[in-house]
Amino acid sequence: MEYSIQQLSRLSGVTTRALRWYDKIGLLKPSRVAESGYRYYGQTEVDRLQDILFYRALGVELARIREFLDDPAFDRLAVLRGHLAALEEERERVQGLIDSVKETILTQERKEIMSDEKKFEAFKRQALEDFGRTYEAESRSKYGDAEVDSMLARIKGTTQEQYAEWERLGQAILEKLSAAVATGADPAGEKGKEIADLHCRWLTVTEDKYDVPHHRGLAELYVQDERFTAYYDKEQPGCAQFLRDAVLAWVH
């Protein structure tokens, strides 16, 4: 079956303006363009648009989507399975938050008291899921299953105060990194030392022991793994590199 650009727009919910833009940047070319200039799309293009929308739902940028779809090794079935896994994880995360809100409402309506630990259970679970999506595989490969399982258990067992401190230190690190990079500070200078010390405190909130090689190895991952880099460089490019350099300069 063939669709005009207006028909494909109605079918997919993507505006004709967006479809024309996808054509211009080479993301979604029509199967043919009539002498009148009208664009027409076949089944291949319909499937590609669906793939584009799956990626967009996961927050992937258009340029990256084009790279993925144009890769000769692109395996649509494998990618769809990956999308399904990611969406199921997101569903579980949202369901956990929904359950937490419902329980809080019921507690308020009944004029009961919810334990402080219960208030933060869903957020702690989310932190664990974020960890898993980001670098659990690398950590297991580098440090072993026993070490990672122990770390996950410690996070699950954190108190309200410990979790709040963990979050506070993490935010402080991001803010100080952004300021240091923006002002051209030296990672081997005092600003770098302050950030390295903060990062050490952040690591030890849920740790039974502190290990220098582990700290330095984690810092190296910040520039080796694009997911780490994207997290730290989201507001200010160069933060991941600064943090790595600061840790290597001050942690011995």
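The values are calculated or read from the model by the stated rules, or taken from the named source; none is laboratory data. Predicted, not measured: the structure shown is a model, and the values here were computed from it. Using ideal geometry, Cβ is built from the backbone for each residue, glycine included, and neighbour counts are taken over all protein chains shown. Areas reflect the complete protein model, heavy atoms only, side chains present, ligands, DNA and RNA absent. Shrake-Rupley method; radii C 1.70, N 1.55, O 1.52, S 1.80 Å.
Here are some notes:
- Condition met for Y55 (modelled with pLDDT of 95 or more and open to solvent by less than 70 Å² (accessible area, probe 1.4 Å)): no
- Residue in the range 187-194 that is under 29 Å from G59 (Cα atoms) and at pLDDT 90 or above present: no
- Residue within the range 179-193 that is in a helix (DSSP H, G or I) and in contact (Cβ under 8 Å) with a residue 60 or more places away in the chain present: yes
- Restricting the range 1-46 to residues that are open to solvent by less than 50 Å² (accessible area, probe 1.4 Å), in a helix (DSSP H, G or I) and of a type in the set (A, V, I, L, M), the residue that is nearest to R76 (Cα to Cα) is V46.
- Every test in (1) modelled with pLDDT under 75; (2) open to solvent by less than 60 Å² (accessible area, probe 1.4 Å); (3) within 20 Å of F228 (Cα to Cα) is passed by L169 save one, and that test is (1).
- If you check A219, A240, A249 for being in a helix (DSSP H, G or I), open to solvent by 20 Å² or more (accessible area, probe 1.4 Å) and hydrophobic (A, V, I, L, M, F, W, C), only one passes: A249.
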